[in-house]
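Participant: Dumping the structure here so I can ask a few things about it.
The values are calculated or read from the model by the stated rules, or taken from the named source; none is laboratory data. Since this is a predicted model, take the numbers as computed values, not measurements. Glycine gets a Cβ as well: all are built from the backbone with ideal geometry, and neighbour counts include every protein chain shown. The protein model used for the area step is the full one, side chains on, heavy atoms only, and it has no ligands, DNA or RNA in it. Shrake-Rupley method; radii C 1.70, N 1.55, O 1.52, S 1.80 Å.
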Amino acid sequence: MRWIEVDTYQEMSLKAADCFEQQLLQKPDSVLGLATGGSPIGLYEELVKRYKQRVFSFSQVKTFNLDEYVGVSPADVTSYHSYMEEHLFSQVDIEKNDIHIPNGLAPNLQEECVRYEQLILQSGGIDLQLLGIGVNGHIGFNEPGTSFQSKTHVVTLADDTRAANSIYFPSKQEVPEYAISMGIETIMQAKEIILLAFGEQKMRAIERLKQEGISEDFPASRLKEHPNVTIIYGR
Ligand code: F6R
């Protein structure tokens with residue numbers, strides 16, 4: 001695990017953008033694993049800026065998002081589809097067919113999970129996976145207790161997670177209870193992983209990641225067994 005401590009959110013975003021730039025210059029048809037939430041907004045802004053400066057293009061890129069809420073329409077402003085459209089996809093030259101996000105409205109959610117997992121494999125696997133981290137150590141929506149062997153699956157969101165994400169909804173009651181998420185094993189299959197964490201409330205999770213052993217009670221700890229992980233963090 002490589003640890004990069006930064007002083008500001010902006011610095012974290014620029015460092016992460018440098019990793020994406022390097023990836024896209026080396027392999028213009030990269031398969032990227034993407035995350036939503038507060039942590040990557042600055043990174044996406046920077047990627048859009050560099051795309052507009054023609055540093056790289058997304059025309060051959062394929063993307064797979066980590067997760068999506070169950071029961072939320074892609075058109076809804078609270079969906080991760082909308083988030084990605086707003087922060088990245090609408091502003092770069094990615095082909096619509098190359099964007100993949102789990103379908104939280106699929107009539108058969110189990111089949112949707114299998115389809116999503118197969119699609120990742122058929123694309124050749126994820127070259128660079130972006131992650132945030134929950135205060136409870138979740139990665140994707142893999143909450144404490146999730147099996148390290150998990151593939152894309154339907155998850156029940158932890159109370160902490162619903163509380164943290166309620167800022168994007170009119171009230172906590174309206175935060176969905178379920179989501180589809182890549183599993184921990186899915187994430188571990190990515191060739192390279194970057195995890196972003198910024199702010200005081202994330203530092204306990206970062207300290208635990210540094211100090212504690214590997215346990216399903218703290219999902220991010222599994223990353224210690226991955227050969228190519230960079231943690232970019234600061235308070
Ligand atoms: C988002 C995701 C989550 C977030 C995590 C941190 O797609 O899978 O694991 O990365 O909850 O969220 P923020 O960045 O909002 O603190």
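Participant: If you go through the stretch 1-36 one residue at a time, how many are open to solvent by 20 Å² or more (accessible area, probe 1.4 Å) and assigned to a loop (DSSP other than H, G, I, E, B)?
Facilitator: Looking only at that region, the number is 7.
Participant: State whether one or more residues within the stretch 40-49 are touching a strand residue (DSSP E or B) at 6+ places or on another chain (Cβ under 8 Å), in a loop (DSSP other than H, G, I, E, B), open to solvent by less than 60 Å² (accessible area, probe 1.4 Å) and within 16 Å of the ligand (Cβ to nearest atom).
Facilitator: There is at least one residue in the stretch 40-49 that is touching a strand residue (DSSP E or B) at 6+ places or on another chain (Cβ under 8 Å), in a loop (DSSP other than H, G, I, E, B), open to solvent by less than 60 Å² (accessible area, probe 1.4 Å) and within 16 Å of the ligand (Cβ to nearest atom).
Participant: While we're on this one: Out of all the residues in the stretch 140-150, which are touching a Gly at 6+ places or on another chain (Cβ under 8 Å) and within 9 Å of the ligand (Cβ to nearest atom)?
Facilitator: Within the stretch 140-150, GLY140, ASN142 qualify.
Participant: Of ARG235, ARG208, which residue is open to solvent by 70 Å² or more (accessible area, probe 1.4 Å) and in contact (Cβ under 8 Å) with a residue 24 or more places away in the chain?
Facilitator: None of the others qualify; the one that does is ARG235.
Participant: Considering only residues of the stretch 189-205 that are open to solvent by 30 Å² or more (accessible area, probe 1.4 Å) and assigned to a helix (DSSP H, G or I), which is farthest from ARG115 (Cα to Cα)?
Facilitator: GLU200
Participant: Now a separate question. Looking at the stretch 181-212, which of its residues are in contact with a helix residue (DSSP H, G or I) (Cβ under 7 Å, 6 or more places away or on another chain) and more than 23 Å from LEU43 (Cβ to Cβ)?
Facilitator: Within the stretch 181-212, GLU212 is the sole residue that qualifies.
Participant: Out of VAL72, VAL77, I need the residue that is part of a loop (DSSP other than H, G, I, E, B), open to solvent by 50 Å² or more (accessible area, probe 1.4 Å), under 24 Å from HIS138 (Cα atoms) and not small (Gly, Ala, Ser). Which one?
Facilitator: One residue alone meets the criteria, VAL77.
Participant: Among the residues of the stretch 169-181, are any aromatic (Phe, Trp, Tyr), within 26 Å of MET12 (Cβ to Cβ) and near the ligand (Cβ under 10 Å from one of its atoms)?
Facilitator: Checking the stretch 169-181: not a single residue is aromatic (Phe, Trp, Tyr), within 26 Å of MET12 (Cβ to Cβ) and near the ligand (Cβ under 10 Å from one of its atoms).
Participant: Looking only at residues that are among the charged types (D, E, K, R) and more than 16 Å from PRO144 (Cα to Cα) in the stretch 163-187, which one is modelled with the highest pLDDT?
Facilitator: GLU174
Participant: Considering only the stretch 105-128, I want to know if a residue exists there that is within 13 Å of the ligand (Cβ to nearest atom) and closer than 24 Å to ASP29 by Cα.
Facilitator: Taking every residue of the stretch 105-128 in turn, none turns out to be within 13 Å of the ligand (Cβ to nearest atom) and closer than 24 Å to ASP29 by Cα.
Participant: ALA163: surrounded by 15 or more Cβ atoms within 10 Å (Cβ to Cβ) and either on the phi < 0 side of the Ramachandran plot or more than 18 Å from the chain's Cα centre (by Cα) (or both), yes or no?
Facilitator: Against the criterion (surrounded by 15 or more Cβ atoms within 10 Å (Cβ to Cβ) and either on the phi < 0 side of the Ramachandran plot or more than 18 Å from the chain's Cα centre (by Cα) (or both)), ALA163 does not qualify.
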